[in-house]
Amino acid sequence: MLVPVETAIDGLVRTLLEAVLPDVGTRFARGQLYAVVDILRNLRDRVEPKAALADAEAESALTALDQAEAACRGAGAVGEAARIADAVRAVPAAPPIDRATALRGAVSLALEVVDGLPPDAAAPARAAIAAHLTAQAFRDLAVLKPSLLTEISKG
Amino acid sequence: MADDRLAARLEGFLGARLDGAVHLTHLERSTEGFSQETFTVDVDVRRGDTIERRGYVVKREPVAGLLEPYDLEPEFRVLHALSDDALPSPPTPWFERDPAVLERPFYVMERLPGDVPIPAARPDGSGPLDDADRATLGPAVADALARLHAIDWRARGFGFLGAPAPGRDAAIRELTRWEDRLARSAMPLHPALAEALLWLRRNPPSTDDITLVHGDYRLGNFLVTRDGGTAQLSGILDWEMVHLGDPLEDVAWCASPLWRAGTPYASALLAPEEFAGRWAATSGRAVDADRLRYYDVLAVVKMATIMLTGIRAFRDGRTTDLRMAIFDHQLPYLHALLGMARGWLG
């Protein structure tokens with residue numbers, strides 16, 4: 001998630017107070033809305049994203065980067081392998097969200113590094129990264145709830 | 001600006017342009033448009049003893065939005081010029097840049113009849129359009145796109161949109177446009193997006209066929225009427241991404257998995273090959289598989305960029321529109337679509 005939880009909650013509260021509340025017509029509904037705002041404000045500093053999701057992504061990314069580095073080394077692309085290894089070394093050990101975010105950056109960098117290699121040399125590294133991206137796509141989609149796009153679009 | 005002040009100012013604006021005494025009877029902000037602010041307006045125009053009822057749509061530049069920085073004038077100039085064209089675009093008489101009127105630039109379109117089906121599956125998982133609707137609407141949408149691409153943009157004076165040179169320029173210009181937007185969002189680049197961008201930079205296709213490109217031609221921007229039960233295309237909306245370029249960009253965008261709404265169909269209407277084939281037959285243009293594939297990938301990159309721009313606006317506290325915030329949890333869906341378009345996700 002690109003919006004920190006605290007920022008998301010601040011935004012929700014602002015929208016409820018500025019864009020929703022003025023159009024709420026009954027006292028009971030207004031009271032309930034204020035209760036939602038009160039709860040959200042108090043959740044703000046007590047919640048954080050699940051570490052397990054970040055840990056799973058980080059583990060998968062590390063495996064892919066190790067394989068990509070080995071593939072580059074095996075293809076004689078020593079400089080490219082070193083750049084990938086340097087990127088992995090620069091990743092912080094914790095906290096989990098920061099680690100996963102940094103590894104995402106390292107994977108993007110590895111893709112750029114591999115892109116400069118001849119296609120045959122690049123193929124094994126690309127395959128390792130593709131396997132990670134595929135697994136991560138499934139992990140991300142598994143926590144996605146059914147969309148309310150129709151209701152959001154039509155009101 | 002409160003709705004009553006907005007209504008008064010719009011009434012004054014329209015009153016100065018319509019022949020008769022204008023009374024605004026209805027003003028409502030629409031929910032469909034995710035980018036610009038859209039208002040539907042009804043007015044009564046009194047001339048002597050007669051009252052004529054008219055409907056308009058007002059599109060106003062948002063404070064923050066998905067396609068910032070905004071400039072409404074190019075799309076207004078295109079819509080205004082096409083007001084007398086057989087293509088069902090909304091007649092668009094007025095543009096106003098003066099902030100004294102509605103604080104931000106806006107233009108006014110005549111309201112066309114019909115509803116806007118959106119690209120979302122029904123609760124039972126089926127597509128938003130039934131087979132009978134698809135049977136008439138699908139070919140009509142492909143034919144209208146062919147008609148749009150047949151517009152003589154030089155004769156219409158659309159050169160101000162910036163004409164790509166023959167060759168790879170159309171593809172490179174579009175990629176650059178979206179990479180610039182992505183850079184402006186200053187959001188971290190997900191590896192799926194990074195991979196797609198690397199491929200797009202290496203593989204811009206060549207074409208000498210430069211046409212007007214709608215840029216957002218897809219389900220959700222089609223106005224549909226039902227005449228005796230038969231669905232008909234009554235309007236093509238949301239021209240804010242209009243430009244000159246490769247017509248296959250529109251074909252790929254309309255057929256993208258982004259708009260299939262749980263169906264296997266381009267914009268939930270026709271099988272993608274059937275849609276492209278119908279467009280090719282009507283337009284007399286060929287569907288080059290390599291060019292189409294390039295714009296398939298670019299379509300998802302464009303949508304991801306739009307979402308990241310919205311997320312940035314929400315994260316910065318520049319909008320209270322939570323439709324920007326929902327993109328944050330929808331991005332993984334786009335990453336999966338990038339994987340399918342690029343072939344790393346089978």
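Can you pull out the residues in segment B:115-127 that are assigned to a loop (DSSP other than H, G, I, E, B) and under 17 Å from the mean Cα position of the chain (by Cα)?
Those that are assigned to a loop (DSSP other than H, G, I, E, B) and under 17 Å from the mean Cα position of the chain (by Cα): B:Val116, B:Pro117, B:Ile118, B:Pro119, B:Ala120.
Just checking, how many residues over segment A:1-59 are among the aliphatic types (A, V, I, L, M) and either in the same structural domain as A:Gly105 (by TED's automatic domain parsing) or within 25 Å of the chain's Cα centre (by Cα) (or both)?
17
Looking at B:Ala286, B:Ala313, which is the one that is closer than 16 Å to B:Ser35 by Cα and touching a helix residue (DSSP H, G or I) at 6+ places or on another chain (Cβ under 7 Å)?
Going through B:Ala286, B:Ala313 in turn, the sole match is B:Ala313.
Just need a number here: residues in segment B:226-276 that are more than 20 Å from B:Val297 (Cα to Cα), within 14 Å of the chain's Cα centre (by Cα) and in a loop (DSSP other than H, G, I, E, B).
Matching residues across segment B:226-276 total 4.
What is the residue count in segment A:77-105 for residues that are farther than 22 Å from A:Leu53 by Cβ and at pLDDT below 95?
The number of residues fulfilling the criteria is 0.
Go through segment A:1-110 and tell me which helices (runs of 4 or more DSSP H), entirely inside it, have 3 or more residues that are small (Gly, Ala, Ser) and away from chain B (no Cβ under 13 Å).
A:27-43, A:51-74, A:78-89
Can you find a residue in segment B:283-305 that is buried (at least 23 other Cβ atoms within 10 Å of the Cβ) and over 16 Å from B:Ala255 (Cα atoms)?
So far as segment B:283-305 goes, yes, one or more of its residues are buried (at least 23 other Cβ atoms within 10 Å of the Cβ) and over 16 Å from B:Ala255 (Cα atoms).
Here is a list of conditions, (1) surrounded by fewer than 13 Cβ atoms within 10 Å (Cβ to Cβ); (2) among the charged types (D, E, K, R); (3) within 21 Å of A:Ile129 (Cβ to Cβ), and A:Glu112 meets all of them except one; can you say which number that is?
Condition (1) is where A:Glu112 drops out.
Would you pick out the residues in segment B:190-207 that are within 16 Å of B:Thr305 (Cα to Cα) and either part of a strand (DSSP E or B) or of a type in the set (Gly, Ala, Ser) (or both)?
Once the filter is applied, which keeps residues that are within 16 Å of B:Thr305 (Cα to Cα) and either part of a strand (DSSP E or B) or of a type in the set (Gly, Ala, Ser) (or both), segment B:190-207 yields B:Ala192, B:Ala194, B:Ala196.
Considering only residues of segment B:91-109 that are at pLDDT below 95 and either within 27 Å of A:Glu151 (Cα to Cα) or among the aliphatic types (A, V, I, L, M) (or both), which is surrounded by the fewest Cβ atoms within 10 Å (Cβ to Cβ)?
The extreme case among them is B:Ala100.
Would you pick out the residues in segment A:132-144 that are in a helix (DSSP H, G or I) and more than 7 Å from chain B (Cβ to nearest Cβ)?
Those that are in a helix (DSSP H, G or I) and more than 7 Å from chain B (Cβ to nearest Cβ): A:His132, A:Ala135, A:Gln136, A:Phe138, A:Arg139, A:Ala142.
Counting only residues that are assigned to a helix (DSSP H, G or I) and over 13 Å from B:Lys302 (Cβ atoms), how many does segment B:174-186 have?
2
Go through the residues of segment B:331-338 one by one and say whether even a single one is in contact with a Pro (Cβ under 8 Å, 6 or more places away or on another chain), at the interface with chain A (Cβ under 10 Å from one of its Cβ atoms) and aliphatic (A, V, I, L, M).
Yes.
Looking at segment B:242-263, is at least one residue on the phi > 0 side of the Ramachandran plot, within 14 Å of chain A (Cβ to nearest Cβ) and buried (at least 19 other Cβ atoms within 10 Å of the Cβ)?
yes
Does B:Gly277 count as modelled with pLDDT of 95 or more, surrounded by fewer than 23 Cβ atoms within 10 Å (Cβ to Cβ) and on the phi > 0 side of the Ramachandran plot?
When the stated conditions are applied, B:Gly277 does not pass them.
Go through (1) among the small types (Gly, Ala, Ser); (2) more than 9 Å from chain B (Cβ to nearest Cβ); (3) under 20 Å from B:Pro332 (Cβ atoms); (4) assigned to a loop (DSSP other than H, G, I, E, B) for A:Ser147 and report which single condition fails.
(2)
What is the one condition in (1) part of a loop (DSSP other than H, G, I, E, B); (2) within 26 Å of B:Arg147 (Cα to Cα); (3) touching a residue at least 60 places away in the same chain (Cβ under 8 Å) that B:Thr92 does not satisfy?
(3)
So in segment B:272-294, with the set limited to residues that are of a type outside the set (D, E, K, R) and touching a Gly at 6+ places or on another chain (Cβ under 9 Å), which one is farthest from B:Gly220 (Cα to Cα)?
Only one residue fits best here, namely B:Val287.
I'd like the residue in segment B:295-320 that is facing chain A (nearest Cβ under 9 Å) and either touching a Gly at 6+ places or on another chain (Cβ under 8 Å) or of a type in the set (Lys, Arg) (or both) and, out of all such residues, is nearest to A:Thr15 (Cα to Cα).
Top of the filtered list is B:Thr320.
So, of the residues in segment B:1-58 that are in a loop (DSSP other than H, G, I, E, B) and more than 14 Å from chain A (Cβ to nearest Cβ), which turns out to be nearest to the chain's Cα centre (by Cα)?
Residue satisfying both the conditions and the ranking: B:Gln36.
Does A:Ile129 count as more than 12 Å from every other protein chain (Cβ to nearest Cβ) and either on the phi < 0 side of the Ramachandran plot or in a helix (DSSP H, G or I) (or both)?
It is false that A:Ile129 is more than 12 Å from every other protein chain (Cβ to nearest Cβ) and either on the phi < 0 side of the Ramachandran plot or in a helix (DSSP H, G or I) (or both).
The values are calculated or read from the model by the stated rules, or taken from the named source; none is laboratory data. Predicted model, so just to flag it, every value in this text is computed and none were measured. In this analysis, Cβ positions are derived from the backbone assuming ideal geometry, glycine residues included, and neighbour counts consider all displayed protein chains.
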